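Here the structure comes first, spelled out in structure tokens, and everything after it is commentary.
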Amino acid sequence: RTVYVNGDYLPEDQATVSVFDRGFLMADGVYEVVSVLDGRLLDFAGHMARLQRSLDELAMANPLSENDYLDAHRALVARNGITDGLVYLQVTRGNPGDRDFAYPPEGTRPTVVMFTQSKPGLADQPAAKTGWRIVSVEDLRWGRRDIKTVQLLFPSMAKMEAKARGVDDAWLVEEGKVTEGTSNNAYIVKGGRIITRDLSHDILHGITRAAVLRFAREAQMQVEERSFTIDEAQAADEAFVTSASAFVMPVVEIDGQPVGAGTVGPVAARLREIYLEESR
Ligand code: PDD
């Protein structure tokens, strides 16, 4: 596999980053994941806009233009023969020479890394037919989840707890309300209304979320942006999550309780169909 590091395209075993890189020492970096379907990038402009916002919030200069990122994404997809899969992009604050809590002086070059992951048949994930089972876990992440940082240890811990309990993922709960999934936004459907947490520092502003809510409104579905509890989710007609890699994924069980009939619901199925149609 060919990967990208600071302007170079290299075989993955020859690509290196400094041990002093602040991404490595301090999780001082941000990332994006763009899906590839039939060789095409999904929602690229949205991901670039969020990357810029994440960098701005951390006072990190953006080392490349949107066009540079686009060229690199396309080059990696072509060189690695990706039909379905994803492009991972990470920008860290680079190598200041020593470990120090203060940000390095201006002019320190950020480290840009990109690579692809091939996922043949991504749009036809069998799980979309059966849905995910999830458990709730207390949300112990930091308070700026709207910045897409590489600080992913707690989501990894929650994912491992879900696996240990024999299910697919976890929904994170803070002050009794669901924030989001470990790596996706969370939704319920009740009486035809789609309910998902409102945007704030508490959750990542999902690019798939924005697209799915736009398509839902265009299809005259009612959307309510507010937080909800696990009890309310268990009593809902349907539940689902969205992300760049899962698209729209139905959730059929929460903490051992079936949601609705315990099978994939019509709203989630329809939104997945619309999202895949509109994105292709
Ligand atoms: N995760 N919430 C969290 C905490 C996420 O990590 C993600 C994305 C989302 C959905 O955002 P989007 O629709 O823009 O992908 C919500 C990516 C896919 C990941 O970490 O692999």
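A few remarks follow.
- The alpha-carbon of K159 sits under 15 angstrom from the alpha-carbons of these aspartates and glutamates, leaving out residues fewer than 8 places away in its chain: E138, D139, D168, D169, E180, D255.
- Pairs beyond 27 Å (Cα-Cα), from K119/K148; K119/K177; K148/K177: K119/K177
- With the helix formula -39500 (n - 2.57) applied to DSSP H stretches of n ≥ 4, the chain reaches a computed 222 nm mean residue ellipticity of -8500 deg cm²/dmol.
- Choice from E218, E238, E253 showing the highest fluctuation, given a GNM over the chain with Cα pairs closer than 10 Å: E218
- Among 241-250, 26-35, 123-132, the order from most to least packed when residues are scored by Cβ within 10 Å on average: 241-250, 26-35, 123-132
- Take 3-11, 178-186 and order them by the average number of nearby Cβ atoms within 10 Å per residue, most first; the result is 178-186, 3-11.
- Three semi-axes describe the equivalent ellipsoid of segment 18-128; taken as square roots of 5 times the Cα gyration tensor eigenvalues and ordered largest first, they are 29, 14, 13 Å.
- Hull volume in cubic angstrom per residue (convex hull over the Cα atoms of the chain): 130
- Of the residues V3, A123, L70, the one whose Cα sits farthest towards the positive end of the charge dipole of segment 1-152 is A123 (charges of +1 on Lys and Arg Cβ, -1 on Asp and Glu Cβ, taken about the Cα centre).
- Electrostatic bookkeeping for L37 treats Lys and Arg as +1 and Asp and Glu as -1; over the other residues with beta carbon under 9 Å from its beta carbon, the sum is 0.
- A protection proxy built from the mean count of other Cβ atoms within 10 Å ranks the segments 199-209, 260-270, most packed first, as 199-209, 260-270.
- Counted by Cβ distance under 13 Å from A72, the other residues give a net charge of -3, where Lys and Arg count +1 and Asp and Glu count -1.
- When both segment 1-78 and segment 120-187 are represented by their alpha-carbon centers, they are found 23 Å apart.
The numbers here are math on the coordinates, done by the rules we state, and not lab data. All of these numbers come straight from a predicted model, not from anything done at the bench. When we count neighbours, we look across all protein chains shown, and the Cβ atoms used for this are built from the backbone with ideal geometry, even at glycine.
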